[in-house]
1. Regarding B:S62, is this residue free of Cβ contacts under 8 Å to residues at least 12 places away in the same chain and either near DNA strand C (Cβ under 8 Å from one of its atoms) or touching a Phe, Trp or Tyr at 6+ places or on another chain (Cβ under 7 Å) (or both)?
2. How many residues does the stretch A:46-70 contain that are surrounded by 15 or more Cβ atoms within 10 Å (Cβ to Cβ) and in contact with a strand residue (DSSP E or B) (Cβ under 9 Å, 6 or more places away or on another chain)?
3. Given (1) buried (at least 17 other Cβ atoms within 10 Å of the Cβ); (2) part of a helix (DSSP H, G or I), where does A:F8 come up short, assuming only one miss?
4. Within the stretch A:53-102, take every residue that is in a loop (DSSP other than H, G, I, E, B) and farther than 27 Å from B:I91 by Cβ and give me the one that is nearest to the other protein chains (Cβ to nearest Cβ).
5. Could you check, for the stretch B:88-99, whether at least one of its residues is surrounded by fewer than 14 Cβ atoms within 10 Å (Cβ to Cβ) and at positive phi?
6. In the stretch A:20-42, what residues are in contact with a strand residue (DSSP E or B) (Cβ under 6 Å, 6 or more places away or on another chain), aliphatic (A, V, I, L, M) and more than 8 Å from every other protein chain (Cβ to nearest Cβ)?
7. For A:S44, which of the numbered conditions (1) under 18 Å from B:A25 (Cα atoms); (2) within 13 Å of DNA strand C (Cβ to nearest atom); (3) touching a residue at least 24 places away in the same chain (Cβ under 8 Å) fails to hold?
8. Considering only the stretch A:73-92, I want to know if a residue exists there that is within 14 Å of DNA strand C (Cβ to nearest atom), acidic (D, E), out of contact with any Asp or Glu (no Cβ under 9 Å at 6 or more places or on another chain) and at pLDDT 95 or above.
Number of protein chains: 2
Amino acid sequence: MERTDHSFLSQATADEASRIFKALADPTRIKILYLLSQEECSVSHITEVLEMTQSAVSHQLSTLRKLRLVKYRREGSTLYYSYDDEHVITILHQVLSHINCN
Amino acid sequence: MERTDHSFLSQATADEASRIFKALADPTRIKILYLLSQEECSVSHITEVLEMTQSAVSHQLSTLRKLRLVKYRREGSTLYYSYDDEHVITILHQVLSHINCN
DNA sequence: TACGTATATGAACATATGCTCATATGTTAA
DNA sequence: TTAACATATGAGCATATGTTCATATACGTA
């Protein structure tokens, strides 16, 4: 806001936006979030669909949990995950439809 | 599309979406793109506004160029950069307004 | 031509990221 | 309690990323 008529982003804002984009910057997390955008899923279901190890999936779910992008509920020994940030899902869908409409 | 009624992303689609999000996953690139979303800028102007070294800015511009997210025109020895992907700018603005409207 | 300014680029380095492997934790059932 | 299953987690490793430093390239001017 100095020297020009234009504004520029604060470091805090840029960092926060970066946090959101970083969350979406990995193919595995994209696939997980896309799955969860359609249905609540158990960890084992995600593991089968993505054809990845249980550990790899669990680590990524941990990342998504820390970012508050997913939540879960327990049913017996099974954990059912679902998305927890509508806006991020919207952004994801927009980018996906952009890709398919090229 | 097998075993459930739901679809899941191909690796290629997830990778492509990841490429776009990765481009936006760094605060410096976010600041640069936000600046360019408002006005065409020379490298030296970007360098001053972001208070970064000329080299760091130039490297990031190189990254953005490879991703075809920015373009430039030459005027004498000065290069003026501008954005080259309307859709990515839209996504950026959406996330930024999401942050500010929390 | 030689010099100054604007920008790009390669190498090196520190940090971040995503996976694997081994193992821990929590739940159910016998 | 013990065994089996579902999931989480820590350590280690290979690769990716962002910056700095030094230098190269391109253009304008004297």
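1. On the way: free of Cβ contacts under 8 Å to residues at least 12 places away in the same chain: yes; either near DNA strand C (Cβ under 8 Å from one of its atoms) or touching a Phe, Trp or Tyr at 6+ places or on another chain (Cβ under 7 Å) (or both): yes.
So B:S62 passes the test.
2. The qualifying residues number 6.
3. Condition (2) is where A:F8 drops out.
4. Applying the filter and picking the extreme gives A:T53.
5. No, the stretch B:88-99 contains no residue that is surrounded by fewer than 14 Cβ atoms within 10 Å (Cβ to Cβ) and at positive phi.
6. Hit for the stretch A:20-42 is A:L36, nothing else.
7. Against the list (1) under 18 Å from B:A25 (Cα atoms); (2) within 13 Å of DNA strand C (Cβ to nearest atom); (3) touching a residue at least 24 places away in the same chain (Cβ under 8 Å), A:S44 comes up short only on (1).
8. Here is the first cut: in the stretch A:73-92, the residues within 14 Å of DNA strand C (Cβ to nearest atom) are A:73-80.
Imposing the further condition that a residue be acidic (D, E) reduces the set to A:75.
From what's left, out of contact with any Asp or Glu (no Cβ under 9 Å at 6 or more places or on another chain): A:75.
Going one step further and asking which of them are at pLDDT 95 or above, we end up with A:75.
Checking the stretch A:73-92: at least one residue is within 14 Å of DNA strand C (Cβ to nearest atom), acidic (D, E), out of contact with any Asp or Glu (no Cβ under 9 Å at 6 or more places or on another chain) and at pLDDT 95 or above.
The values are calculated or read from the model by the stated rules, or taken from the named source; none is laboratory data. These figures come from a predicted structure and were not determined experimentally. Here Cβ is always computed from backbone atoms with ideal geometry, including for glycine, and neighbour counts include all displayed protein chains.
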